[in-house]
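Values in this text are rule-based calculations from the coordinates and carry no lab data. Remember, it's a predicted structure, so these values are computed and weren't measured experimentally. Neighbour counts are summed over all protein chains in view; Cβ atoms, including those assigned to glycine, are modelled from backbone coordinates with ideal geometry.
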Amino acid sequence: MASSKHKVRFPGESPAYRSARDSLLDAEIELRRATEAVAAQRRKLPLGGEVAEDYTFEEIDGKNGKGKKRKVRMPDLFDAGKDTLIIYNFMYGPEAARPCPSCTSILDSLDGEAPHVAQRANLAVVAKSPIERIREFAKERGWRNLRLLSSQGSTYNHDYQGENAKGEQMPALNVFVRRNGKIYHFYNTELMFAPADPGQDMRHVDMIWPLWNLFDVTPEGRGTKWKPALSY
């Protein structure tokens, strides 16, 4: 393998630091290659099962929840010319006093990215609470761009692993595609169901969660005790 060394240096660095950093750089290059290889393998997945259930959701049209409540079906979530739909399951069930802080951390970031995502793919966030309750919390957080849906009365959460057999809400990410007028399941973050190595959590939605990726570049790392909260 070609050397990873380059000519960039930083003020005051020692030879020991540069040697260790070059070794880390080799590992980062290998990680980048592995990330690209996994993404390529994911893109080659065949179509999953056809979406047989005509799922119906509720949303409030308009900004800041000031529009009219309406029902939307799964096909309505696909805009013209965009055949990919990404849905995140927000852990906020009707019996939960407050939403999941970790999901909220993810959506705080995703709200800013949503206009960029919309240039290429459809994006929606689904929770099982009544839509009025979801939009009330969105207003509290200052979310402006996320398409928020209620799956109350639908089996969507159960069918696509956003809810377990006990009715507990799960943080699933699903991708659907439209082909020849039909909708198919393409991807679920199934790493959630696979055994984790000692000392690790599931990390199944890390790709859309900037928080932990930032901590990964610090000397303290992710840590084992701290978790995000709804307020500080």
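Would you kindly state the longest site-free stretch of the chain, with sites defined as GluC sites (Glu not before Pro) in a DSSP loop (not H, G, I, E, B) surrounded by at most 12 other Cβ atoms within 10 Å?
The reported range is 96-167.
By how many degrees, between 0 and 90 and to the nearest 10, does the Cα long axis of helix 15-43 differ from the longest principal axis of the chain?
30 degrees
Take the chain, connect every pair of alpha-carbon atoms lying under 10 Å apart with a spring to form a Gaussian network, then pick out the residue of 34, 80, 165 with the largest mean-square fluctuation.
Residue with maximal mean-square fluctuation among 34, 80, 165: 34.
Counting other C-beta atoms within 10 Å, which of 29, 208 has the fewest, and how do the rest follow?
29, 208
Mind checking the angle between helix 101-117 and the chain's longest principal axis? C-alpha axes, 0 to 90 degrees, to the nearest 10.
For 101-117 against the chain, the angle is about 90 degrees.
Would you mind checking the tilt of helix 131-141 against the longest principal axis of the Cα atoms of the chain, expressed as 0 to 90 degrees and rounded to 10?
In the chain, helix 131-141 runs at an angle near 40 degrees to the longest axis.
Please enumerate, by chain and number, the lysines with C-alpha under 27 Å from the C-alpha of residue 139, excluding those fewer than 8 residues away in the same chain.
63, 66, 68, 69, 71, 128, 227
Springs between alpha-carbon pairs under 10 angstrom, Gaussian network model over the chain: which of 43, 178, 147 fluctuates most?
Fluctuation is largest for 43.
What is the calculated FRET efficiency for residue 184 to residue 44, with r their C-beta to C-beta distance and R₀ = 25 Å, to the nearest 0.05?
Efficiency computed from Cβ-Cβ geometry: 0.95.
Using a Gaussian network model on the chain with a 10 Å cutoff between Cα atoms, which of 18, 73, 222 fluctuates the most?
Maximum fluctuation in the GNM of the chain, among the listed residues, is at 18.
Subtract the Cα-Cα distance of residue 84 and residue 16 from 0.36 nm times their separation in residues, and report this length gain in nm to one decimal.
Going from the current span to full extension adds 19.7 nm.
Which one, 8, 208, 46, is farthest towards the positive end of the dipole of the chain when Lys and Arg carry +1 and Asp and Glu -1 on their Cβ?
Of 8, 208, 46, it is 8.
Tell me, 173, 214 in order of fewest to most beta-carbon neighbours within 10 Å?
With the sparsest Cβ surroundings first, the list reads 214, 173.
What does the charge dipole of region 56-190 about its Cα centre add up to, to the nearest 20 debye, if the Cβ of each Lys and Arg holds +1 and the Cβ of each Asp and Glu holds -1?
480 debye
If you average the C-alpha positions of region 92-118 and of region 119-195 separately, how far apart do those two centres end up, in angstrom?
10 Å
Between residue 139 and residue 220, what's the calculated FRET efficiency when r is the beta-carbon distance and R0 is 25 Å? Round to 0.05.
With a Förster radius of 25 Å, E is 0.15.
Full extension from residue 24 to residue 71: what is 0.36 nm times the residue separation minus their Cα-Cα distance, to one decimal in nm?
11.8 nm
Can you say what percent of the DSSP beta bridges in region 6-152, counting only those with both residues inside, are antiparallel? Round to 5.
Percent antiparallel among DSSP bridges in region 6-152 is about 45.
So how compact is the chain: Cα radius of gyration and Dmax in angstrom?
Here Rg and the maximum Cα pair distance are 20.5, 64 Å.
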